[in-house]
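A short worksheet on the structure shown next.
The values are calculated or read from the model by the stated rules, or taken from the named source; none is laboratory data. Being a predicted model, the structure only gives us computed values, none of them experimental. Virtual Cβ from ideal backbone geometry, glycine too; neighbours counted across all protein chains shown. Please note that ligands, DNA and RNA were not included when accessible areas were found on the heavy atoms of the full protein model with its side chains. Shrake-Rupley method; radii C 1.70, N 1.55, O 1.52, S 1.80 Å.
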Amino acid sequence: MGRNHLRVIANHPETSLGAVADTDPAALEAAVSHSGASGYADPSRMIREADIDGVVIAAPTTAHRTLALGAIERRLPVLVEKPLAGTVDDALAIVTAARRAGVRVQVGHVERYNPAVLEMGRLLRAGWLSSVYAISSRRSGPFPARIRDVGVTVDLGTHDVDMLSWIAGERPVRVYAETAQRLHATHEDLTFGLMHFPSGATGFLDVDWLTPAKRRSLVAIGEEGMFELDYLTQKLTFTRADVDRPQLIGGYATTFTGDVAEIPVVNVEPLRAQLDEFVRVVRTGDRPYVDAEDGLWAVALANALLTAASERRPIDLSDMPSRLATP
């Protein structure tokens, strides 16, 4: 992800790369030679010393707390790659420090900037689904050898707990999960999770590092019909519920089908749209579209799913707002 961030920063008309840090000498040399930026082997030193206006942290999850707190201490707006942190305590420490210092922290839940997601959100707010019955998401692909510090729930599932909550327009009050460890040496690489929302909506997420082909999809079902979204192709469709027109097969009304409409979406790279937002945050000091509190909740929900799986019981989250409250 660091290489992807370097690419979009280098090609953005309103940004220039002032400094880059990497503990891998070869990666650092490549980044410096292509950008002309100052190079640092120590990321913390870069944050302390470099002449910069903002910081993008694309480091292993376990390093997020230290690096984010360093940027906050220097009063630098910071974009932290998803997840905000690996544990609730680390994420809460970032949120607390940012609030006390008045520093904006944006979290890289990049799917929120996907144009198909934004269009679906606009249509939901316009009332295309007066109520949401169920939301399901699938995020799967081959095993990434580079991920060693966390499992698939914190690394990938944080995308989906955030997205399902955003679509529902509320935080879940109960979660349950089943996990499996097939290839990863120390962490789970498959999670099936259930989320129950105050409105009665149900969310389901399927995340894994076991599928040989990358899949990213989401379905939202409500009273008036169903949205289907493919994150990779940015294709969005809406199928209108129509129980008045049964499809007859052999004289029997075995299925009911509705009209399917493909919703026009202008393709945009979500990472570029996310950087546009970070530029706005740096310039204005306004709250980011996806802020540290959103990142904190995603970490908390992912860890609640892991607790549910390990303890083999549903986890009640009714006290979660008070547990995540910061001074």
To the nearest 20 Debye, how big is the dipole of the chain about its Cα centre, given +1 on the beta carbon of each Lys and Arg and -1 on that of each Asp and Glu?
260
Along its three principal axes, how long is the chain when you only count alpha carbons? Whole Å, largest extent first please.
75, 45, 39
Nearest 500 deg cm²/dmol is fine: what mean residue ellipticity at 222 nm does the chain get from its DSSP H runs of n ≥ 4 alone, each adding -39,500 (n - 2.57), divided by its residue count?
-10500 deg cm²/dmol
Extension gain, ALA63 back to MET1 (0.36 nm per residue minus Cα-Cα distance, nm)
20.9 nm
To the nearest 0.05, the calculated FRET efficiency linking ALA185 and ASP242 through their beta-carbon distance, R0 being 30 Å, is 0.05
Using modelled amide H (1.01 Å from N, peptide plane; none on Pro or chain starts), what sits under 5 Å from the amide H of ILE263, excluding residues fewer than 5 places away?
LEU236, THR237, PHE238
For ALA26, project a label point 7 Å along Cα to C-beta. Then give me every residue of region 37-51 with its amide nitrogen under 18 Å of that point.
41
Over the chain, with a Gaussian network built from C-alpha contacts below 10 Å, which listed residue (LEU92, LEU76, LEU118) shows the highest mean-square fluctuation?
LEU118
Among region 281-323, those whose backbone N falls under 15 Å of a label point 7 Å along Cα→Cβ from VAL173 are 315-322
Long-range HN-HN contacts of GLY108 with modeled amide H, under 5 Å:
VAL80, GLU81, LYS82
Taking all protein chains together and a probe of 1.4 Å, list HIS12, HIS187 from the most accessible to the least accessible.
HIS187, HIS12
Set the Förster distance to 41 Å, then compute FRET efficiency between ALA145 and ALA261 from the Cβ-Cβ distance, nearest 0.05.
0.50
Total charge of the residues flanking ASP189 in space, meaning their Cβ is under 14 Å from its Cβ, with Lys and Arg +1 and Asp and Glu -1, is -2
Can you tell which of LEU271, PRO212, ALA309 lies farthest toward the positive end of the dipole of the chain, using +1 and -1 charges on the Cβ of basic and acidic side chains (Lys, Arg; Asp, Glu)?
LEU271
